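Scroll down for the structure; my scribbles are underneath it.
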Amino acid sequence: MGASDVSTARPLGVGLLGLGVVGSAVAAGLMAGRGELAGEGARPLVLRKALVRDLRRKRTVDLDPGVLTTDPAAVLDDPSVDVVVEVMGGEQPAFDYISRAIRGGKHVVTANKEVLCKRGDELFTLAAEHGVRLLHEASVGGGIPIVGPLSSDLLANRIESIRAIINGTTNYILTKMAAQGAGFDQVLEEAKKLGYAEADPTSDVDGWDAAYKIAVLARVAFGVSVPLDAVHREGIRGLEAQEFRYAATLGYTIKLLAVARREQGGLLVRVHPALIPSSVPMAKVDGVLNVVEVEGDLVGPLWLQGRGAGPDATASAVLGDLLRIARGAEIRKNVAAARSADRLKLVSIDDHECKYYFRLVCKDRPGVLAQIAGILGKLQISIASVIQMDANAERGEADLVIMTHPSLERNVQKAVREIAALQVVARVASVLRVEAY
Ligand code: NAP
Ligand code: HSE
């Protein structure tokens, strides 16, 4: 079907690609009658098919056996399926299946940030060419409504920045490390046992998941396509227990931030752990919670906090997109295109300026600080404070924690290389950006 006939009373057939955590909750919602909540005149949503890999796997929803299939064509080529919900994850075969659904004139709802980040250009173009909707509220922030507001309610704004905690697994790990003084590996194991972290937690702990999500948000908010390699990305794997203790002593906590902000005449998109003042609200967004802070020129600062993952919260977003389609709201041409008038260029982190936190494991003897200060001074990095923290008398070493005034990233990186080469420095244990609020 095309998009124009959504206002008739014929049910709107839904085909699920995936019946895992999210797919099962969406199916349960449809079976519980949530597909009829779009209001008078809207088409009720009816589940027609669900694609899985393993027909014998036990599901959390009881579906008619005729609904389950392992054949993608049974969903993608079924004329009674009007909307395809892709909740499989990954780039492939999700990309091929979404493309095929769109070419077949079906609307698509997806929760898949990875395919949107890597192949969004092609998919949004294809959807526009075929006059169908490609909605993706669940792809960022789980149940938090952020894609919808950026695409409609906030359209009149020039968005200045988006700053977010959008990975629940890493936020859980960082919260525990801060509260318990525990090491990364220990907390990661706990997170796996609780089912927050995947068996292979690479995507979360190395910042990929947050990078996909901030790239997806940047497209909606700034109208730019952000290739994954244009996102400056650092994960949390290297963080040691001392950082949390020292940060707290200095009045900070550590969060994995995902930021897209206008600066240097362009847009800088970055994901990295950062020191944030313990007094700001974002410092109190703990555990698996997510938050997205938006700054628009008319609306000012906005704050959206909630469950960034989990079956029900994510199903809330997917079902909301389905109901929007059922309501037959006018197709909005690619919102990214509407916002791209000022043709923002993507800029490198090299020219980013902020305060920095350094922890250096140094020889505990006279003259060490002078050598380090010499390098910093030469590179225009002004020291705000220096504190000697834990000392290891046996090794004759101590942790030197230096806070800087705002400094240029490229100079800081150069300083780190020079400091690491000093005989008196055993290692540069940590270099963290301090986020300004
Ligand atoms: P999941 O529990 O692993 O479920 C994936 C489902 O897709 C399973 O039912 C699986 O079939 C099916 N599937 C995967 N590859 C397939 C293939 N090649 N052919 C047929 N079926 C296939 O994943 P999930 O947690 O629901 O996540 C789904 C999507 O939502 C991902 O893009 C994820 O990033 C996104 N998301 C998840 C959450 C969350 O809280 N989980 C939150 C926001 C967004 P079997 O069941 O037979 O194995
Ligand atoms: N792995 C993701 C997280 C799930 O930890 O936030 C939601 O996309």
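The values are calculated or read from the model by the stated rules, or taken from the named source; none is laboratory data. What you are looking at is a predicted structure, and each value in this text was computed from that prediction instead of being measured. Cβ placement follows ideal geometry from the backbone for every residue including glycine, while neighbour counts extend to all protein chains displayed. The area values use the complete protein model at the heavy-atom level, side chains included, leaving out ligands, DNA and RNA. Shrake-Rupley method; radii C 1.70, N 1.55, O 1.52, S 1.80 Å.
Table for the structure above
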| quantity | calculated |
| --- | --- |
| Search result, residues across the stretch 20-47 that are among the basic types (K, R) and part of a helix (DSSP H, G or I) | R34 |
| Some residue of the stretch 243-254 being outside any helix (DSSP H, G or I), among the hydroxyl-bearing types (S, T, Y), over 27 Å from K118 (Cα atoms) and touching a residue at least 40 places away in the same chain (Cβ under 8 Å) | yes |
| Filter pass, A309 being away from ligand 2 (no atom under 16 Å from the Cβ) and touching a strand residue (DSSP E or B) at 6+ places or on another chain (Cβ under 9 Å) | no |
| Residue match in the stretch 270-291 (condition: more than 17 Å from the chain's Cα centre (by Cα), in a helix (DSSP H, G or I), farther than 20 Å from G142 by Cα and hydroxyl-bearing (S, T, Y)) | no |
| Some residue of the stretch 89-105 being in a strand (DSSP E or B) and either among the basic types (K, R) or not assigned by TED's automatic domain parsing to the domain that holds G296 (or both) | no |
| Only listed residue being at positive phi and under 14 Å from the mean Cα position of the chain (by Cα), chosen from G105, G141 | G141 |
| Failed item, numbered, when Y246 is tested on (1) modelled with pLDDT of 95 or more; (2) open to solvent by 10 Å² or more (accessible area, probe 1.4 Å); (3) not hydrophobic (A, V, I, L, M, F, W, C) | (2) |
| Selection from the stretch 378-399 of residues that are free of Cβ contacts under 8 Å to residues at least 40 places away in the same chain, of a type in the set (D, E, K, R) and open to solvent by 40 Å² or more (accessible area, probe 1.4 Å) | K378, E394, R395 |
| Identity of the residue in the stretch 361-392, farther than 21 Å from Y246 by Cβ and of a type in the set (S, T, N, Q), that ends up farthest from the chain's Cα centre (by Cα) | Q371 |
| Pairs, first under 17 Å from E243 (Cβ atoms) and modelled with pLDDT of 95 or more in the stretch 400-424, second among the basic types (K, R) and open to solvent by 10 Å² or more (accessible area, probe 1.4 Å), C-beta under 8 Å, six or more apart | M403/K355; T404/K355 |
| Qualifying residue in the stretch 219-226 (condition: more than 14 Å from ligand 2 (Cβ to nearest atom), in contact with a Cys (Cβ under 8 Å, 6 or more places away or on another chain) and open to solvent by less than 10 Å² (accessible area, probe 1.4 Å)) | yes |
| Those helices (runs of 4 or more DSSP H) lying entirely in the stretch 145-218 with at least 2 residues touching a residue at least 24 places away in the same chain (Cβ under 8 Å) and either more than 15 Å from ligand 2 (Cβ to nearest atom) or not small (G, A, S) (or both) | 147-151, 168-180, 202-205 |
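Condition check ((1) buried (at least 21 other Cβ atoms within 10 Å of the Cβ); (2) modelled with pLDDT of 95 or more; (3) not assigned by TED's automatic domain parsing to the domain that holds A221) across all residues:
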{"site": "G265", "(1), (2), (3)": "no, no, no"}
{"site": "V269", "(1), (2), (3)": "yes, yes, no"}
{"site": "P277", "(1), (2), (3)": "no, yes, no"}
{"site": "A283", "(1), (2), (3)": "no, yes, no"}
{"site": "D286", "(1), (2), (3)": "no, yes, no"}
{"site": "V291", "(1), (2), (3)": "yes, yes, no"}
{"site": "V294", "(1), (2), (3)": "yes, yes, no"}
{"site": "L298", "(1), (2), (3)": "no, yes, no"}
